[in-house]
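Just so you know, all these numbers are worked out from the coordinates, no wet-lab data involved. Remember, it's a predicted structure, so these values are computed and weren't measured experimentally. With ideal geometry, Cβ positions are generated from the backbone for all residues, glycine too; neighbour counts draw on all protein chains shown.
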Amino acid sequence: MAARPYWKGQIRLALVSIPVEVYSATKSGATIAFNQIHEPSGQRIKYEKVVPGIGPIDVDEIVKGFEYSKGEYVLLDEKEIEGVKLESKKTLELTQFVDAQDIDMIYFEKPYYVVPADDLAEEAFIVLREALRRSRKIGLGQLAMRGREYVVSIKACGRGMVMETLRYADEVHKAASYFRDIGDADPDEELLDLATTLIDKKTGKFDASDFHDRYVDALKELIERKKKGKTLNIESADSGGKDARGSNVVDLMAALKNSLGKSDTGTKKPAGKAAAKAPAKKEAAKAPAKPPAKPAARKRA
């Protein structure tokens with residue numbers, strides 16, 4: 001079954017309009033969904049739409065309301081809300097172009113794939129895509145989707161383009177209020193060199209398939225064990241309430257050096273470990289065998 005577009009409209013650059021379709025570029029991960037269960041009966045808990053003093057009501061009787069004063073509402077139906085005229089509901093006008101690094105990553109929210117709506121739109125689509133790629137810029141505009149207007153960015157991506165919704169300035173907490181108590185002293189140069197070397201040794205190309213949700217995997221295993229009637233000793237699995245960091249002061253220099261050592265040997269075959277254990281067995285063979293213990297004498301009654 002073909003995917004349904006999340007949004008259909010046109011990208012406008014000055015006097016040029018390009019019909020496009022927008023598709024969600026991401027999907028929900030393999031999350032574990034839980035239901036609330038009434039333990040004594042084993043039945044699932046359900047919720048009803050109720051009005052105080054009236055009781056359960058029909059869904060068709062529900063409209064949206066904005067509370068402008070305590071207990072006072074302006075009522076709006078879906079047709080009235082949909083009737084709000086906003087040009088960005090059908091047109092994404094690119095009003096500005098910026099370098100990608102000019103936008104802090106914290107503002108990017110969700111990606112969407114953008115494709116030409118038909119063959120007639122393809123030529124103009126390709127021209128815009130390649131112009132963005134050659135200039136190494138991303139386009140900015142505003143777009144209304146699903147009940148709100150977003151700031152969005154457009155950039156080239158393979159044969160198509162990617163649109164990303166951006167957070168508004170008032171949706172992002174100012175970093176200074178969180179970072180102001182962090183000292184501004186320069187780090188020790190030797191420690192900095194060690195940390196940089198460790199980063200270099202662990203640097204590689206990003207591959208999303210290298211990572212998976214270990215928490216979901218553990219939950220699935222727990223569910224399978226419970227289905228088979230197996231119990232788990234939860235208390236032995238945790239740290240007993242102790243701080244996992246321990247009470248000893250960690251020597252940062254030693255920790256970084258040890259980390260570098262581990263990164264050097266981390267990719268080697270485990271045969272070396274087995275070879276290291278061999279001499280221990282040899283020494284054990286040379287040690288004289290202890291005589292068997294004599295049985296204790298039994299006392300006469």
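One table, with the values for the structure above:
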item: Cβ-based exposure ranking for Glu224, Glu21, in which fewest neighbours within 10 Å come first; result: Glu224, Glu21
item: Calculated FRET efficiency for the pair Lys70/Lys49, C-beta based, R₀ 30 Å, to 0.05; result: 0.85
item: Residue exposure sequence - Ser88, Ser69 - by fewest surrounding Cβ within 10 Å; result: Ser69, Ser88
item: The range 66-106, Rg to Rh (Cα coordinates; Rh as Kirkwood inverse mean 1/r); result: 1.26
item: The range 99-225 - Debye-derived log10 I(q)/I(0), Cα point model, q = 0.10, 0.21, 0.23 Å⁻¹; result: -0.63, -1.19, -1.26
item: Inter-label distance, nm, simple model (7 Å from Cα along the C-beta direction), His38/Cys157; result: 4.7 nm
item: Equivalent ellipsoid semi-axes - Cα gyration tensor, the range 1-130, angstrom; result: 42, 24, 17
item: Sites Asn258 and Lys228 - FRET efficiency at Förster radius 35 Å, r taken between beta-carbons, to 0.05; result: 0.30
item: Pairwise label distance in nanometres, Glu82 with His212, each label 7 Å out on the Cα-Cβ vector; result: 4.3 nm
item: Length gained when the stretch Glu149-Thr197 is fully extended (0.36 nm per residue, less Cα-Cα span); result: 12.7 nm
item: Residues with amide H under 5 Å from that of Tyr6, placed H, sequence gap 5 or more; result: Val22, Tyr23, Ser24
item: Test item: Cα-centred dipole of the range 1-159, Lys/Arg +1 and Asp/Glu -1 on Cβ, debye; result: 580 debye
item: Burial ranking of peptide ranges 45-53, 127-135, 79-87 (average Cβ count within 10 Å, highest at the top); result: 127-135, 79-87, 45-53
item: Cross-link pairs beyond the 20 Å C-alpha cut-off, checked among Lys202/Lys262; Lys110/Lys201; Lys202/Lys257; Lys8/Lys85; result: Lys110/Lys201
